[in-house]
Amino acid sequence: MKQFTRFTELPSTHMWASFGHLAGYSSAYYTYMWDLVIAQEFYAQFNQSNPMLGDVPAKYRKTVLEPGGSVSANDLVKNFLGRPQNTRAFQVWMSAEFAESGSSGRSSGASDKLVSPTMRRRSDHANA
């Protein structure tokens, strides 16, 4: 344990089995992951080669930016995506992360649209 921390472990405390920082901000911590997944779902709606092309930029402005804080975040997501948020994008994102580390197969097909080009390039580089 000394190689990972400068703190001396107290006998019989099993410090490695604790995750103490969750007391106090656990929900905020995991919100960051959901924000990332929602952002990737939003990005997948845009033209990947030129995000300013098509109707999506105007839809994003009208349904997300203009209402801003006057509408709940859940409704902003639902209004832009045309459906409530779900865990599918999270699963795709985690698959890409594990593929990058070589732990599982890379996602492909329609679900691959949910992975941003940056993540795709990182994943492709890791699989090369």
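Tabulated data for the structure shown
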| read-out | value |
| --- | --- |
| Derived scalar couplings ³J(HN,Hα) [region 83-90; Karplus, 6.51 cos²θ - 1.76 cosθ + 1.60; whole Hz; x for Gly, Pro] | 6, x, 5, 8, 8, 4, 5, 4 |
| Contour minus Cα-Cα distance for S49 and K62 (0.36 nm per residue) | 2.5 nm |
| At R0 = 25 Å, FRET efficiency that the Cβ-Cβ distance of N79 and S101 yields, to 0.05 | 0.10 |
| Vicinal HN-Hα couplings computed from phi for region 47-55 (Karplus, 6.51 cos²θ - 1.76 cosθ + 1.60; Hz; Gly/Pro x) | 4, 5, 7, 8, x, 8, 7, x, 8 |
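Quick note: the coordinates plus some simple rules give every number you see, no bench work behind them. Model, not experiment: these values are computed from the prediction. Counting neighbours? That spans all protein chains shown, and the Cβs are built from the backbone with ideal geometry, glycine included.
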